[in-house]
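Data first, discussion second: the structure below is written as structure tokens.
Every read-out reported here was derived from the displayed coordinates using simple, explicitly stated rules and does not represent laboratory data. This structure is a prediction, so every number in the text was calculated from the model and none was measured. We place every Cβ from the backbone using ideal geometry, glycine too, and count neighbours over all the protein chains shown.
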Amino acid sequence: MTKRVILITGASSGMGYASTQLFAKHGWEVYAGARRVEKIPTGEGIHPLYLDVTDADSRLQFVKEALADGLRVDVLLNNAGYGEFGPLEEVGVEKVHKQLETNLVGASELTKLVLPQMRQQGFGRIVNNSSIGGDVYSPLGGWYYVTKRGLNVWSDVLDTEIRQFGLRSVIVAPGGTESSWLDIAMNNALSNLKPDSPYTPLTEGTKKLLGGMLNTSEATSADLAKVFYRAATERHPKRRYYFGLADRMLSRLARNHPGVYHEGMSLIVSRLTRNK
Ligand SMILES: NC(=O)c1ccc[n+]([C@@H]2O[C@H](COP(=O)([O-])OP(=O)(O)OC[C@H]3O[C@@H](n4cnc5c(N)ncnc54)[C@H](OP(=O)(O)O)[C@@H]3O)[C@@H](O)[C@H]2O)c1
């Protein structure tokens, strides 16, 4: 039987790393990309490749190398991403561009590179790692949440455009999941603060809030890899996939009752910054 083929971005850590291992374990050919290529897992069926999703040449080379093997492409998993956290007043515009380029434009441009092959085959799926942050939000993650909400809309529109060819685009929306994500987001929040910033107490408070939320979550990257596997292989895929009920309910609350969510978050934030 012909082996199924997946391209995974951000395969050097967290959910991308775990997904690379899981798909390979299920017998797929996995073209796994990241900048730290040496950190991508190795093993049968895994092809570690250098990839910077913000770089057009690198994206092209990544897809070319995967397609050069003459195989089909069943799935593109747009997973690479990070949180450019920091107060909106203080995050520099180059960082804003980097955030949009990594989490949103990179995914879109890579998708454009695989769609012709998928269209020719008459099957294929784009699985996008978004976040419950496509619906919910906290202070400091403004541009991150913009990218995730944007990815949700982009995926929905794409899905309406490519279904006619037998292709689908779906969203997986993880909540707090064990990986390097929080450390990177919080380091960015600190490095984006200006000296003597009035947002220092808010930054400390938000770090506690997000750290606490992540600690109460039981999801591991390996758990999310299983959700990606479902999203990639279910015969009739859903528009949205969640790890668990809590993530689904929180997203639904924020979507259906945005005022309630907003006031609730504002109350939490006022407590976080009180007496600082
Ligand atoms: N962990 C959570 O709580 C959580 C919740 C919801 C959504 N997410 C989303 O899940 C995705 C995966 O994150 P994670 O939690 O697994 O975090 P992670 O452990 O930090 O992994 C992030 C991956 O993205 C890659 N990456 C970052 N910038 C890249 C670039 N320019 N080009 C190529 N690869 C790049 C990194 O590889 P290199 O640095 O080696 O390039 C790394 O492999 C992200 O989109 C994140 O927003 C995470």
- Rounded if a/c under 1.5, otherwise prolate or oblate - the range 1-69, Cα gyration tensor axes: oblate
- Task: Return one number: the angle in degrees, 0 to 90 and rounded to the nearest 10, between the long axis of the Cα atoms of helix 245-256 and the longest principal axis of the Cα atoms of the chain.
- Result: 70
- Under 11 Å, Cβ to Cβ, from GLN61 - net charge with Lys/Arg +1 and Asp/Glu -1: -2
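Return the equivalent ellipsoid semi-axes of the range 163-276 as a descending list in whole Å, where each equals the square root of 5 times an eigenvalue of the C-alpha gyration tensor.
Semi-axis lengths for the range 163-276 are 33, 17, 14 Å.
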- Non-local amide H neighbours of GLY124 (under 5 Å, H modeled in plane, Pro and chain starts lacking H): which ones? ARG168
- Query: Any idea what angle helix 200-216 forms with the longest principal axis of the chain, computed on alpha-carbon atoms, 0 to 90 degrees, nearest 10?
  - Reply: 50
- Segment THR2-ILE184, extension gain: residue separation times 0.36 nm, minus the distance between their alpha carbons: 61.6 nm
- Task: Pull up all non-local amide H partners of ALA32: gap of 5 or more, or a different chain, and H-to-H distance under 5 Å with H placed in the peptide plane.
- Result: ILE8, HIS47, LEU49
- Item | Computed [θ] at 222 nm, deg cm²/dmol, the chain (DSSP H ≥ 4; -39,500 (n - 2.57); rounded to nearest 500) | -16500 deg cm²/dmol
- Which of the pairs LYS112/LYS226; LYS3/LYS64; LYS98/LYS148; LYS3/LYS25; LYS3/LYS148; LYS39/LYS148 have their Cα atoms more than 22 Å apart in this structure? LYS112/LYS226; LYS3/LYS148; LYS39/LYS148
- Note on the structure: Correct semi-axes for the chain, from √(5λ) of the alpha-carbon gyration tensor and rounded to whole Å with the largest first, are 33, 20, 17
- Query: How would you order 13-24, 233-244, 135-146 from highest to lowest mean count of nearby Cβ atoms within 10 Å?
  - Reply: 13-24, 135-146, 233-244
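Can you tell me the length gained on complete extension of the stretch ARG35 to GLN120, counting 0.36 nm per residue apart and subtracting the Cα distance?
Full-extension gain reported as 27.6 nm.
When you count, for each residue, the other Cβ atoms within 10 Å and take the mean per peptide, how do 171-177, 211-217 rank with the highest first?
171-177, 211-217
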- How much length, in nm to one decimal, is gained on full extension between GLU94 and GLU161, taken as 0.36 nm per residue of separation minus their Cα-Cα distance? 20.9 nm
- Task: For an R0 of 35 angstrom, estimate the FRET efficiency from the Cβ-Cβ distance between SER266 and SER108 and round to the nearest 0.05.
- Result: 0.60
- Separation of the range 133-167 and the range 172-250 by C-alpha centroid, Å? 15
- Task: Quick one: which residues, 5+ away or cross-chain, put their amide H under 5 Å from the amide H of GLY81? H built at 1.01 Å from N.
- Result: none
- Message: Please list, by residue number, every one of the GluC sites (Glu not before Pro) in the range 1-102 that is coil in DSSP and has at most 15 other beta-carbon atoms within 10 Å.
- Response: GLU44, GLU89
- Please give, to one decimal in nm, the separation of the simple spin-label points placed at VAL153 and ARG252, each 7 Å out from Cα toward the Cβ. 2.5
- When the Karplus curve 6.51 cos²θ - 1.76 cosθ + 1.60 is applied with θ = phi - 60°, which whole-Hz ³J(HN,Hα) does each residue of the range 177-185 get, with x for Gly and Pro? 9, 4, 5, 7, 4, 5, 4, 5, 4
